[in-house]
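K.L.:
To start, I am sharing the structure in question, which I have written as C-alpha cells.
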Amino acid sequence: MASTNNSDIMNELRSLQAQVMHFKDLLAEEGDKVSGQVRGRAAAALNGASRKAQDVATYAKDEAGTVASVVREHPAATSTALLTVGILGGLIGYFLASATQPSRNSSNWNWR
C-alpha cells in the first residue's frame with residue numbers, strides 16, 4: 001500500500017510538473033507576442049517622429065531661405081527693422097528694470 005501511495009504521489013508530481021511546464025511555455029509565447037507588438041509600435045512611433053522631424057527641418061530651411069531672400073532684396077529695411085526692434089527691446093528692459101527696483105524709504109536712513 002505504501003508503494004501505491006508513493007506511486008500516486010509521483011504521478012501527481014509528474015502531472016503538476018507537466019502543467020507547470022505547459023504554463024511556462026504559454027507565458028513565453030504570450031511574452032514573445034507582446035514584445036513583438038511593443039517593438040512594432042515603438043518602431044512605428046520612431047518612424048513617425050523621424051518623419052515629423054524631417055518635415056520640421058525642411059520647413060525651417062525653406063523659411064530661412066525666404067527670410068534670406070527678403071534680406072538680400074531689402075537690406076536697408078531689414079537693418080532698420082532690426083535696429084528698431086533692438087531699441088524697443090532696450091527700452092522695455094530699462095523700464096522693467098527701473099520698475100522693479102526697491103523704493104528707498106526714509107526709515108531705512110539713520111538721520112541724526
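K.L.:
Quickly work out the TYR94-to-ALA43 label distance, labels modelled 7 Å from Cα along the C-beta direction, and quote it in nm with one decimal.
P.N.:
The answer from the label model is 6.2 nm.
K.L.:
If the chain between GLU63 and GLU29 were fully stretched, how many nm would it gain, using 0.36 nm times the residue separation less the Cα-Cα distance?
P.N.:
Result for the pair: 7.2 nm of gain on full extension.
K.L.:
Run down the lysines and flag those whose C-alpha is under 29 Å from the C-alpha of LYS33, throwing out any fewer than 8 positions away in its chain.
P.N.:
By straight Cα distance, LYS33 reaches LYS24, LYS52.
K.L.:
Using a 1.4 angstrom probe on the protein heavy atoms only, could you order LEU27, LEU16 from most to least accessible area?
P.N.:
LEU27, LEU16
K.L.:
Next question, about the same structure. Quote the convex hull volume per residue of the chain, based on C-alpha atoms, as a whole number of Å³.
P.N.:
Residue-normalised Cα hull volume stands at 240 Å³.
K.L.:
Do the sum for the chain: with -39,500 (n - 2.57) for every DSSP H run of n ≥ 4, divided by all residues, what is the mean residue ellipticity at 222 nm, to the nearest 500 deg cm²/dmol?
P.N.:
One gets -32500 deg cm²/dmol as the mean residue ellipticity at 222 nm.
The values are calculated or read from the model by the stated rules, or taken from the named source; none is laboratory data. From a predicted model like this one, the values you see are computed outputs, not experimental measurements. Every residue, glycine as well, gets a Cβ built from its backbone with ideal geometry; the counts of neighbours run over all protein chains shown. Keep in mind that these areas ignore ligands, DNA and RNA; they rest on the heavy atoms of the full protein, side chains included. Shrake-Rupley method; radii C 1.70, N 1.55, O 1.52, S 1.80 Å.
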